[in-house]
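Peer 1: This structure is in structure tokens; I'll ask about it shortly.
The values are calculated or read from the model by the stated rules, or taken from the named source; none is laboratory data. This one's a predicted model, so the numbers in the text were calculated from it and none came from an experiment. Glycine also receives a Cβ, built like all others from the backbone with ideal geometry; neighbour counts cover every protein chain displayed. Just the protein is used for accessible areas: all its heavy atoms, side chains included, with ligands, DNA and RNA removed. Shrake-Rupley method; radii C 1.70, N 1.55, O 1.52, S 1.80 Å.
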Amino acid sequence: MKENPDKNLYRILDANFNRAKEGLRVCEDLCRYGWNQKTLTRAFKNVRHALTGILSPTGIHKALEARYIQGDVGRADSVSESKRMDMSAVFGANVQRVKESLRVLEEVTKLIDPKIASKLKVLRYKVYALEQKAIGLC
């Protein structure tokens, strides 16, 4: 049976939207509670909210309808995901997850609306800058 390409596209959007938002929230909470960094906390929160705003014209709500957790062939955890040395390692893993997810979203939204892809690229570069600031402070 042939897969529905729109459904598969929304599965990619769903997975990477969730992955990016979750990673941003982890970074935000580490900056807030772990390192008491008010400016970085606000910056990560702003990126998280901006991501939702940028993707809302794509009909991101359709992504939830396309979600198919039981059939996800890459669902198992890797060994590297089960261990972290300290809060900096948690931050590093999550900021990397955010950058990768934003890149996937950027590439896939080129199929929907190149303007959205451009906005995601700008957001990705904001995360690069935030990462650099956080590593210098935390």
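Peer 1: I'd like to verify a number: residues in the range 85-108 that are open to solvent by 40 Å² or more (accessible area, probe 1.4 Å) and basic (Lys, Arg), how many?
Peer 2: 2
Peer 1: If I filter the range 85-101 for residues that are at pLDDT below 90 and more than 14 Å from the chain's Cα centre (by Cα), do I get at least one hit?
Peer 2: In the first step, residues of the range 85-101 are kept if they are at pLDDT below 90; the result is 85.
So of that shortlist, the ones also more than 14 Å from the chain's Cα centre (by Cα) come out as 85.
The answer is yes, given that some residue of the range 85-101 is at pLDDT below 90 and more than 14 Å from the chain's Cα centre (by Cα).
Peer 1: Looking at LEU111, is it open to solvent by 90 Å² or more (accessible area, probe 1.4 Å), outside any loop (DSSP other than H, G, I, E, B) and at pLDDT below 95?
Peer 2: On the way: open to solvent by 90 Å² or more (accessible area, probe 1.4 Å): yes; outside any loop (DSSP other than H, G, I, E, B): no; at pLDDT below 95: yes.
No.
Peer 1: Something else about it: Which number in (1) basic (Lys, Arg); (2) closer than 19 Å to ARG11 by Cα; (3) modelled with pLDDT of 90 or more marks the one condition that LYS45 misses?
Peer 2: Against the list (1) basic (Lys, Arg); (2) closer than 19 Å to ARG11 by Cα; (3) modelled with pLDDT of 90 or more, LYS45 comes up short only on (2).
Peer 1: So, one more: One residue is enough: does the range 60-74 have a residue meeting the conditions within 18 Å of the chain's Cα centre (by Cα), aliphatic (A, V, I, L, M) and either open to solvent by 90 Å² or more (accessible area, probe 1.4 Å) or modelled with pLDDT of 95 or more (or both)?
Peer 2: yes
Peer 1: Same structure again: Of the numbered conditions (1) exposed (fewer than 15 other Cβ atoms within 10 Å of the Cβ); (2) acidic (Asp, Glu); (3) at pLDDT 95 or above, GLU131 fails exactly one; give the number of that condition.
Peer 2: (1)
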